[in-house]
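The structure appears right after this line, and notes come after that.
The values are calculated or read from the model by the stated rules, or taken from the named source; none is laboratory data. Here the structure is a predicted model, which means the values were calculated and not measured. Methodologically, a virtual Cβ is constructed for each residue, glycine included, from the backbone with ideal geometry; neighbour enumeration extends over all protein chains shown.
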Amino acid sequence: MKAVIQKVDGASVSVDGETVGAIEGQGLCVLVGVTHDDGPKQVETIARKIATLRILDDEKSATDLDAPVLVISQFTLYGDARKGRRPTWNAAAPGEVAEPLVDAVVEELRNKYNLHVETGRFGAMMQVSLTNDGPVTILLEA
């Protein structure tokens, strides 16, 4: 499982012109990608890192500041463009495997860490808008 975590000052995700998830103020925008052998251990690790990574103001975490999180599924994190000019997506898990795991990350953030979490729409063509604050962008793998 991979996650790209960005410290943001507001972020939103839209589908067909409709905002489906948005956070205001300081928080995290997180892109989550799932590969074939991911499971509960990776969910727990990624959720813990998202919740406790100290990248917000004054070296605080989302749990320290009760900061909102926008989670967006992103299979393209497993794109491979080492050969040719067209990436392959072979390492990305299929939707029926990936969707429940992305949902589990969201539930872990909400239930275990008591964070306000907004989401995109799995499998949809989404437009993401954000203000990267810092800029701060961290790549995690579990």
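Remarks
- Criterion applied to Ala93, Ala67, Ala81 was being over 21 Å from Asp133 (Cα atoms), buried (at least 19 other Cβ atoms within 10 Å of the Cβ) and either touching a residue at least 12 places away in the same chain (Cβ under 8 Å) or not charged (D, E, K, R) (or both), and the one residue passing it is Ala93.
- For the stretch 1-27, the set of residues classified as surrounded by 14 or more Cβ atoms within 10 Å (Cβ to Cβ) and either in contact with a helix residue (DSSP H, G or I) (Cβ under 8 Å, 6 or more places away or on another chain) or farther than 22 Å from Pro135 by Cα (or both) consists of Met1, Lys2, Ala3, Val4, Ile5, Ser14, Val15, Val20, Gln26, Gly27, listed by residue number.
- Selection status of Val97, within 14 Å of the chain's Cα centre (by Cα) and either in a helix (DSSP H, G or I) or of a type in the set (Ser, Thr, Tyr) (or both): no
- Residues of the stretch 117-135 include none that is farther than 21 Å from Val20 by Cβ, of a type in the set (S, T, N, Q) and modelled with pLDDT of 95 or more.
- Among the residues of the stretch 96-116, those identified as crowded, with 20+ Cβ neighbours inside 10 Å and out of contact with any Asp or Glu (no Cβ under 7 Å at 6 or more places or on another chain) are Ala98, Val102, Val105, Val106, Leu109, Leu115.
- Within the stretch 28-54, the set of residues being crowded, with 22+ Cβ neighbours inside 10 Å and within 11 Å of the chain's Cα centre (by Cα) comprises Leu28, Cys29, Val30, Val32, Gly33, Val34, Ile46, Ala47, Ile50.
- Pair list, Cβ < 6 Å and 6+ apart or interchain, from the stretch 96-110 residues that are at negative phi to residues that are acidic (Asp, Glu) and surrounded by 15 or more Cβ atoms within 10 Å (Cβ to Cβ): Leu101/Asp38
- Those residues of the stretch 107-135 which are of a type in the set (Lys, Arg) and either touching a Leu at 6+ places or on another chain (Cβ under 7 Å) or in a loop (DSSP other than H, G, I, E, B) (or both), in sequence order: Lys112, Arg121
- Of all the listed residues (Thr119, Thr88, Thr137, Thr131), the sole one being touching an Asp or Glu at 6+ places or on another chain (Cβ under 7 Å) and either of a type in the set (D, E, K, R) or under 24 Å from Arg48 (Cα atoms) (or both) is Thr131.
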